[in-house]
């Protein structure tokens, strides 16, 4: 049980850190760009929200398998496959949870408006300085919301995790797949413990999100 919880927390934590880094420039571009292809890119980034997890997991399994052209690039380094590995789980989780990082960050960046950025420009701040000193502080609650959503969504993953990881004890078995195996084995007592823990976790996540949104609303002029 300890390994299952440890791997789940590690997977969710690493996915959250990676996505906050990867989604920030994408969300900033989506919020600021006026290119015609902005919304198609946004739709592509949001695709995992409506795509069945098994479909995404299937194609990721092919992409990370030993016969994949992508994996062929890594064969000289002794890496033949990332399927059924913890690294593969992280990659799958990053793809699957991408919308839950991009959407809150894009909304936070769009809420900043032009006035504060224009004021920074009049003070001869470079675009990077304006982003760091103006945009990031004002979007901090968007980052908090994104972090909470990504972490929680990753903890609750099942289809993608099962397709890519296979639920190998000590390597790729996380809480969601462990519950499935316990139910299959009719070990309802242990399944209740894990499932009840996830219900409590989900409640705390939703409560945190509501508190964050309420605080943001109260701070609005």
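Quick one: compute the contact order of the chain, relative version, from alpha carbon pairs under 8 angstrom and 6+ residues apart, as a percent.
29 percent
Compute the angle between helix 53-64 and the longest alpha-carbon principal axis of the chain, please, reported from 0 to 90 degrees and rounded to the nearest 10.
Here the helix axis deviates by roughly 80 degrees.
Helix 2-32 versus the longest principal axis of the chain: what angle, 0 to 90°, nearest 10, using Cα atoms?
30 degrees
Tell me the angle of helix 140-155 to the major Cα principal axis of the chain, expressed in degrees between 0 and 90 and rounded to the nearest ten.
That helix lies at roughly 10 degrees to the long axis.
Using a Gaussian network model on the chain with a 10 Å cutoff between Cα atoms, which of 170, 57, 159 fluctuates the most?
Of 170, 57, 159, the Gaussian network model singles out 170 as fluctuating most.
Can you order the peptides 97-109, 10-22, 68-80, 176-188 by their average number of other Cβ atoms within 10 Å per residue, highest first?
Result, highest mean first: 97-109, 10-22, 176-188, 68-80.
Can you grab the distance from the C-alpha centre of the range 139-212 to the C-alpha centre of the range 74-95, Å, no decimals?
21 Å
Using helices alone, I'd like the mean residue ellipticity at 222 nm for the chain: each DSSP H run of four-plus residues gives -39500 (n - 2.57), total over residue count, nearest 500.
-23500 deg cm²/dmol
Looking only at Cα atoms, what is the convex hull volume of the chain per residue, in Å³? Each step should come with its number before you reach the end.
Numbers: hull volume 33.1 nm³, N = 221.
In the chain, the Cα hull volume divided by residue count equals 150 Å³.
Suppose the chain between residue 122 and residue 20 were pulled fully straight at 0.36 nm per residue; how much longer would it get relative to their current alpha carbon spacing?
33.8 nm
If you take the Cα atoms of the range 1-120, find Rg, then find the Kirkwood Rh from the mean of 1/r over all pairs, what is Rg/Rh?
1.07
Relative contact order for the range 109-184: what percent, with Cα pairs under 8 Å and sequence separation of 6 or more?
Here the relative contact order equals 20 percent.
Values in this text are rule-based calculations from the coordinates and carry no lab data. Keep in mind the model is a prediction, meaning the values are calculated, not measured. Note that we place each Cβ from the backbone using ideal geometry, even for glycine, and neighbour counts take in every protein chain shown.
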